[in-house]
Every structure is written in C-alpha cells, then in structure tokens.
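Notes to accompany the following structure.
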Amino acid sequence: MLQVESVDVRFGGVQALADVSLCVDSGSLVGLIGPNGAGKTTLFNVITGLEMPARGRVVLDGRDVTRLPPHRRARLGLGRTFQRIEVFSSLSVRDNVLAAAEARRSWGHDEPDPARTATDVLERVGLADLAGERVDGLSTGLLRLVEVARALASRPSLLLLDEPGSGLDGTESEALGTLLLDLVSDGVAILLVEHDVELVMRVCQQLHVLDFGRVIASGTPSQVRQNAAVQAAYLGADAGVVHA
Amino acid sequence: MTTFLALTLVGLVVGCIYALTACGLVVTYTTSGVFNFAHGAIGMVAAFTYWQLSVGWGLPVWLSLLLVLLVMAPLMGALVERVLVRPLYGAPIGVTLVVTLGLLISLIGLANLAWPPTTTRVLPKFFAGRTVTLASLVVSYNEILVIVTAALVAVTLRSFFTRTRTGIAMRAVVDDQELAALAGTNPQRVAQLSWALGATLAALAGVLLAPLVTLDILGLTLLVINGYAAAMVGRLRHLPATVSGALALGLLDSWLIGYAPGGVVNVLKPALPMFLLFGAVLFLKQERLRAGSLAGVRMPRTPSFRRSVGSAAAFVVAAWVVSGQLSAANLATGGQGLVLAFIMLSLVLLSGYGGQVSLCQLTFVGLGAFAMGKIGGGSPLGLLGAIALPAATGALIALTVVRLRGLYLALATLAFAQAMDVIFFSRALGYGGNLEVARPSLPGIDLGNDRTYFVLLAVVFAVGAVGVLALRRRAFGRRLVALNDSPAACATMGVSVATTKLIVLTASAGLAGLGGALFGGLHGSVSPNDFVLLNSLLLLLLATLGGLYTVSGAFLAAMFYALFPVLQNRYPGLGQVSYLLTGLGALSLGRNRYGMGGQLADLGERLRAWRLPAGQQAEVLHAAG
Ligand SMILES: Nc1ncnc2c1ncn2[C@@H]1O[C@H](COP(=O)(O)OP(=O)(O)O)[C@@H](O)[C@H]1O
Ligand SMILES: [Mg+2]
C-alpha cells in the first residue's frame, strides 16, 4: 500500500532523514517510534507531500507520488493528523469534521451525505456530545481526537497518526487503542507515531524505530524490545521511555 | 554613445537608490518575518525631515544628515519594532499587513500635517550640482556620491553578515528563530536591530532620492514599490539578487526613457515595477505548506439564515423610510455608503473568511465601472461585463500568485493597483477625465429617480449580505474558513489550496466590479481619482477596523468611508486628521484583531450573559471568549 524508498531530507546542517525505507501493507497497523527529533514528523511530511525529499521515492498503491502535491495524494486515500495541532480553530467540532467530509464529496464518487458521515465519525471517536463546541476551548487531548475524526471523515485507506495519544489519560488512551484496532479491522491501514509504549506494543503488528533520521530497527514489537540498538538509542537520548 | 553612457549613468544612480531601499526591506523581513509596507513612508519622512533641518532651519548639511540617518531613522525603526511589530510575530498576513499599512497611512497623514503640500519644497543636490567630465561624460558629484554610498553600504552589509557576531546571529534568526534562541542569541533583540538598520537604509534611500525628484509625499512613499519589485527578484531573501534586480530596474527605466517612443514610455515606464514583480513571481517555486503555522482569527458566530433574512428585510424597510427624509445631497452620500458597503462585502468574503489580502479592490471596482460605462448603456449586458472584466482580471492575478504565500498576493495586487492608476485609469484609453456610466434599467421601475436608486442600493446590499452569510454557512464557506485556519490541514484532506484561493479571488473581484457598476450609476460618471491605490488601502484599513469578519462591521466601515469626503468638505482641516486616525486605528489592531464588528458581537454576547442566571452566564462568556 505505502512504500517509502531511501528518503533523504536535510534542514541546513541537520540530516532529518537518512536513507529511510519502510512499507505499510494494506490493512496493517505499523508503529513508528523514536526519540524526539528522530525525524518521525518529517517522514510524515514527506509521505503526505508537505516536505520534498532530496532523494528517494514515495509509492502509494504502486504509484510514484513523490512529485504530487499534498491534496492529490489525499485524494488517493491518504489521511493524517498533526503533532502540532492543526484544527480549524474558527469552526465548531462538527464543522471541522463536516469540512473534511464535504471535501471528500467534492472529489470522490458516489459519496454519502457529508452531514451523515460527520455524525457517524463523531459518534465513533466519542465526540458526539461536543459536536457544537468551538474547538478553541478544548483540551489538547480532545483536539487530537478532533484531528482523528477529521481525518476519518475523508475516509482514508491509509491513515498517518502523529502522537494521537499524547494528552490523553489512561482510559482515553485505552479507548483510542480500541478505536485503532477497530479501524484496522475495517480495512484501514495505519502508520502510528506514539510515545505511549504500552499503546504501541498493544496494537501494532510491526514496528520501525527511527533514531537521528535512520531506521535502526524493524520487526514485531517483541523483537524490537529485545533489540540492543534500540535500547542504546533510548537510553542515550530519552532514558526510560521503552521501559515506561 | 555618449547618450547611452549618460542614460546608463542615470539608470545606475536610480538603481543604486532602489537597491538601498530594497536591501532594507529584505533585512527587516527576513529577520522578523513581518513585511514592512511602510518602508517607503519611513524613507519619505526621512527625506522631509532632512529638508526641514537643512533647508527649513538652515542647519549644516552634515549635521542634518547625521541627525536623520544616525539618530532619527534607527530610533524610529527600533521603536516601530518594539511597539508595533513585536506583538505580531507569528500573526497571519492579514494582521501584519494591516498594521504596517496603518503605519504607512499614519505617516502620510502626519507628513501632510507637518509639511502641507500647498508649498513646493526643493532639496538641492549634494555638492551644489558640481560636475566632473569623464571621457566626454558629464558626471555630477551627486551621482558619484550615490554610487559610492551604495557600494559602501553593499560592502559593509556583506561583511556585517559574514564577519560580525551580530550579523551572523541575524542570519541564524532568518534560518530558524527557535534554533537561534537555543544558541544563545536573543531573536527579539536581533529583530529590533534589523528594524533599526532597515529604517536607516530606507532613510538613506529617501534622502538620496529626494534631490533627484520632487519632494512629494505620496510619490516618495510609493516609489518603494520599485524596491518591492527588486526584493522579489531576490525572493525577499537574497541581498545580491535583490541588488541586481534594483540595478536592472533603474537601467531599464532609464533606457526606456531614452530610446522608446514617447507613447510607449508613458505606458510602459510606470508599469515597469509591476512587470518586474510579476516576472519574478513567475519564477518562484511552489511553496511548502507549513504545518504549525499560527491559527487564524477567532470569528464571531454567523447569524442563522432566517435571522439574516429578517434583518435584511428590516434594513431595506428602514432605508426606504429614511430615504423619504433625506435631501438630494444626503441621498447621494447615503447611496455612496450603501455602494461601498456592498463593495466591502467582497472584502468580507476574500479577507474576512478567506484570509487573503487584496490591495487593489478599488481597481476591480474601477474596472467594473469602466465595463458598465463602455458596454450596453445600462443594459444587463453592461452589468455582466462589469462582473466579468474584473473577475477575469482577478483570476489572472490569482493564477500567478496563488501557489505562494499570502504576502505575494498583497504585493502583486499593490503593484497592479499602482500600475493601473497610472497607465489605465488616468489615460485616454481608460477614462480621459470622466466616463459616463448609466444606471442599470429595470422594467417598470424608474431608477433615474434618486430615491428609487437609493432603495435599490439598499436592496442590493441586503441581498449581497444575506448571500455572503449564506455562503459562509455552506460547504464553500466552511472550506474558506478552514483554509484560512490551516492550509496544511486543508491540503491533507484533499482540498486544492490554489484552486480555492483562485475561486474566492475571482468571485470577490466580480462582486467588487458589480459594486463599481452601481457606484458609477450613482453619480452618473466616474473619474480616475475614485480608484486610486491609496483609497484601496484606506478601504481595506477601514474594513478591517470595522471588522472584516462581520457584515455589520463592513457596513459601519463603509458608512464611515462615505462620510469622509463630506466631513472633509465641511471641515477642511479634518482630511489629514482622518488619515491619521484611520492609521492609528489600524495600528491598534495589532492588539485587538477583531475590529469594531467583533467588539460589538462580543459586547452583545456579554450583555446576553449579564441577563442570564449565573450558570448559563459562564457558558456564554466562555463561548464569547
Ligand atoms: N522545518 C524545519 N526546519 C529545520 N529543521 C527542522 C524542520 N523540521 C524539523 N527539523 C529538524 O529535523 C529533525 C527531525 O524533526 P522531527 O521530524 O520533528 O522529529 P520527531 O517528529 O521525530 O520528533 C529535528 O532535528 C528538527 O529540529
Ligand atoms: Mg514529531
């Protein structure tokens, strides 16, 4: 479904991504972890077209999309959320989601009624009660859910989630995990960046570990947990996160 | 050959001055991220102050220069940064632009008060016009001074940015504010320094330019558009490319005067900066949509469709009742306000909802009036033309700049408005003085009657307002607002940012054009003065002050704008003060971004809350922010 091939990104003196390759198969839930500044968000930007890689390719469903602008990629079924929240702050919760559903209707075929989609999605992520609220008064955790809901409203086949769990409490993040598994069983592929290791270990089938812009380990959650390089990276940069 | 050399020399001199102003612009913009539209106005004030000191009060030239360049200009730059610019870091373009435009308008108002344009002022050239002859070419000391100064400044800037700690810190701030802060430099101090430096360069350019042209407030202020164009060649970043752009502009300008036939010169020369600017824009690469940009403005709630229809009907009835009491003159003023209110709706759509800034809205209005006047004598065909011509023009402008940041749209529309002022509106191919514009004809209604026309205008505004509000509540309105809040998020949900901007700019231009047709019909004719750039700026400022996010705010602003000339006629001294007040009002927007309309909406919510029991009160207040 998604292949990232040998992607390089530099910002001035910082090599944000170096020769990064990974795949996400359709209907799978893949985790992407690594210390802060490892390049996870940058990789999301490269996949969604907000950042141009200096080298390498991004392939979606067998099609090379490296040169496509972000909105064209979205129309191929790619959705995402942002780590630094990008909700539409002048719109209500419902209108945030509705805008996405309407956008989908404007380029999709035989779309259901956007208002329906919005209602369904809000129900699904548990925001139905807050539908009429303005988003600028909500907590960070709830804003992340609004982002997830908005991404779902354009009914993506591949969803990139950038730290959706930060700012959520125990029960909320439990619910998030269940939602993710639910989505995967509906056939949505997910690439998940998350610091909450428990959540990652619970839901992901496959993990990639990024450190200083390089993939230093890949495998199942338990394989990755054993990996010496991963232990070193985390102990060096951000001790305790893996064990948390 | 001598002619060529002489022309080249003149071009070089002018180019050097453009280079100075353009470099100042680039330095401030790159270090603070706030584009200074008042850059030229600062140069203008410096030139006038220099005149005041050296000619007016008879101080020695060296002392006057010292005071202007090393005391007044840097202080002014630092002060502007501290008071106006600092609260704006990270603010959307709509806000930063209005604040620096407010500064521009205030400075113009201030200069008009301090140096009334009724007297002509002349600045002698430096070294009293002495010359040397170099191989048959007569070169004045003044010209040598300009070239040497520019060269010195270029060399100094270069070594400043590559050799000194502060200079390197400035470049670091350009690359990444947060990183620079981590590395121990204080980005705010660096920005303040760069504004001081930028103002000094603007002043230097003003002082050097003034002896070559006439001391004209508006002329000197707007000459900066040449600087914008040059800076665009350097992508608003690179100093060497900026300098080349400035020199090219100066040289082209001078050669054009020397070699092209008169007719062509008159058309082409004033448009040169615009062509350079658009040319440079065409070569700019598509920009990355930045995630993590600051969110837009929190908008007041939109009234429901039923409520807006109700208010609109009440408005029309009120207009009809009031119109019976108005004298002919007041009908004209009131009608003007209504037309302007309709025109402001185009700004509500474009800037209020869409967050895009156009500085040429009156140019679209003028194009609409032009089409109405030339086509069909009041028939529906004329109205169609009045919508289509500006809409097509708007679309064309949009096509060149929508890939880029909002700032580029502002700059492009500014250059376009300025060029249209001089080559189209004031010229025979445009109006040749006055153009008769017929009122539209409706079957069975005599629109020749002023009261009837007044009521028609009220109806048109009411329908337009309901339409704009309805649009806001529909899918396209949501998309516009969403785009304003986060372009990156919009793009990643499949919305084409460029197409949406193209649509809204086209629609807004068409709406303004329709307003132009009605405006022309109101007075029966239009003149070039109706559409000058400065008025476009004033319109935008007033609209923003009134509150671009609400239809009622637009209405308030329009009424105020319509009363402007009336007040000015009655109290002649008031004209400049009103510029000053508008400018100062705009400056306050740095702190309060919602304008009067937003304040009213807020006040309404607060009043409602006050009458409710305590529990609900908290809720409403929370919603009102
Ligand atoms: N727009 C940018 N300009 C300069 N450097 C950047 C930019 N975006 C990210 N970086 C740098 O790239 C590196 C990777 O950042 P990021 O992708 O945000 O990491 P993560 O999401 O894993 O925390 C960091 O060193 C960061 O400072
Ligand atoms: Mg990140």
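Odds and ends about this structure:
- Debye log10 I(q)/I(0) at q = 0.10, 0.15, 0.20 Å⁻¹ for the stretch B:33-171, Cα point scatterers: -0.49, -1.00, -1.29
- Within the accessible surface of the stretch B:402-556, defined with a 1.4 Å probe on protein heavy atoms only, the carbon and sulfur portion equals 61 percent.
- Candidate lysines - alpha carbon under 22 Å from B:K285, same-chain residues fewer than 8 apart omitted: B:K501
- In angstrom, the C-alpha Rg and Dmax of chain B are 25.3, 90.
- The stretch B:305-543 - accessible surface per residue (Å², probe 1.4 Å): 33
- Compactness of chain A as Cα Rg over 2.2 N^0.38 Å, two decimals: 0.99
- With the convex hull of the Cα atoms taken as the outline of the protein assembly as shown, the averaged projected area works out to 40.7 nm².
- Overall, chain B carries a charge dipole of about 1200 debye about its Cα centre when +1 sits on the Cβ of Lys and Arg and -1 on the Cβ of Asp and Glu, all other atoms neutral.
- Local net charge near B:V357, Cβ-Cβ under 13 Å (Lys/Arg +1, Asp/Glu -1): +2
- Positive minus negative residues near B:L534 (Lys, Arg vs Asp, Glu; Cβ under 14 Å): -3
- Near B:A150, once Lys and Arg are set to +1 and Asp and Glu to -1 for all other residues with Cβ below 15 Å from its Cβ, the sum equals 0.
- All aspartates and glutamates inside 17 Å of B:K269 as judged from Cα atoms, apart from same-chain residues fewer than 8 positions distant: B:D253, B:D421
- Simple Cβ-charge dipole of the stretch B:305-543, Lys/Arg +1 and Asp/Glu -1, about Cα centre, in debye nearest 20: 800
- For the stretch A:53-121, alpha-carbon Rg over 2.2 N^0.38 Å: 1.32
- Cα-based shape type of the stretch B:396-531, given that a ≥ b ≥ c are square roots of the gyration tensor eigenvalues and the cut on a/c is 1.5: oblate
- Rounded to the nearest 20 debye, dipole of the protein assembly as shown from Cβ charges on Lys, Arg, Asp, Glu: 1480
- The mean accessible area for residues of the stretch B:1-55, using a 1.4 Å probe and ignoring ligands and nucleic acids, is 23 Å² per residue.
- Of the residues making up the stretch A:52-76, those losing 10 Å² or more of accessible area when the isolated chain is joined by the remaining protein chains, with a 1.4 Å probe, are A:P70, A:H71, A:A74, A:R75.
- Accessible area (Å², 1.4 Å probe, nearest 10) - B:R237: 120
- Every helix of 4 or more DSSP H residues in chain B counts as -39500 (n - 2.57), and over all residues that averages to -23000 deg cm²/dmol at 222 nm.
- Contact surface B-A: accessible area buried, both sides summed, square angstrom, 1.4 angstrom probe: 2600
- When the Cα positions of B:F305, B:L457, B:L399 are compared along the charge dipole of chain B, B:F305 comes out farthest toward the positive end, with charges on each C-beta of Lys, Arg, Asp and Glu.
- Between the residues B:L7, B:L384, B:C490, the greatest Cα displacement towards the positive end of the dipole of the protein assembly as shown, with unit charges on the Cβ of Lys, Arg, Asp and Glu, is found for B:L7.
- Rounded to the nearest 5, the antiparallel percentage of DSSP beta bridges internal to the protein assembly as shown is 65%.
- Alpha-carbon Debye profile of the stretch B:191-292, log10 I(q)/I(0) at 0.17, 0.22 Å⁻¹: -0.92, -1.31
- Pair-distance profile P(r), taking every C-alpha pair of the stretch B:305-543, with 5 angstrom steps and integer %: 1, 7, 14, 18, 19, 16, 12, 8, 4, 1, 0, 0
The values are calculated or read from the model by the stated rules, or taken from the named source; none is laboratory data. What you are looking at is a predicted structure, and each value in this text was computed from that prediction instead of being measured. As a convention, Cβ positions derive from the backbone with ideal geometry for all residues, glycine included, and neighbour counts pool all protein chains shown. These area figures cover heavy atoms from the full protein model, side chains too; ligands, DNA and RNA do not enter into them. Shrake-Rupley method; radii C 1.70, N 1.55, O 1.52, S 1.80 Å.
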